[in-house]
1. If I model a spin label as a point 7 Å beyond the Cα along the Cα-Cβ vector, how far apart are those points for SER9 and ARG92 in nm?
2. What number does the stretch 85-126 give for Rg over Rh if you use C-alpha atoms and the Kirkwood radius?
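Bear in mind these aren't lab numbers, they're just calculated from the coordinates by the rules spelled out. Everything numeric here is computed off the predicted structure, so don't read it as measured data. Glycine gets a Cβ as well: all are built from the backbone with ideal geometry, and neighbour counts include every protein chain shown.
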Amino acid sequence: MYEIGIDGSGLRQLTDGPYDDLEPTYLPDGGIVFVSSRCHRWVNCWLTQVAILYRCDGDGSNIRPLSANKEHLERIGRFDMPHFRPREEYLREMVRYGVLAPDYPREGPLDPYELDRRYWESLWYRPSPPPEP
């Protein structure tokens, strides 16, 4: 992952390694949240890498995962993100696809673990109720 000034100057590498570090967003505290394949996980039914949320300091150091499956969270422990709030366009899409209720809190932080759980639950298969006789 790289950082560059708006004028094209000051190109700086923040992360390295054989990973895909994507979609970085600055956090209010100066940190960066991003999606990465560094979790070394694969989709069970296909040879496709999984990417999960990570956080690092503004200089790219102190990289740590934010989302994962239940077993992984129990192993690594939860990370506290008291000021986390996704960008508004992401929140609108989460409402649009039923991940967030339309009455979600319009201000203040949101729990990244709760958002991650809601996202994955929205993908679960739910059979339609049988038709009434």
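1. 3.5 nm
2. Details: Rg = 10.1 Å, Rh = 10.6 Å.
Dividing the radius of gyration by the Kirkwood radius yields 0.95.
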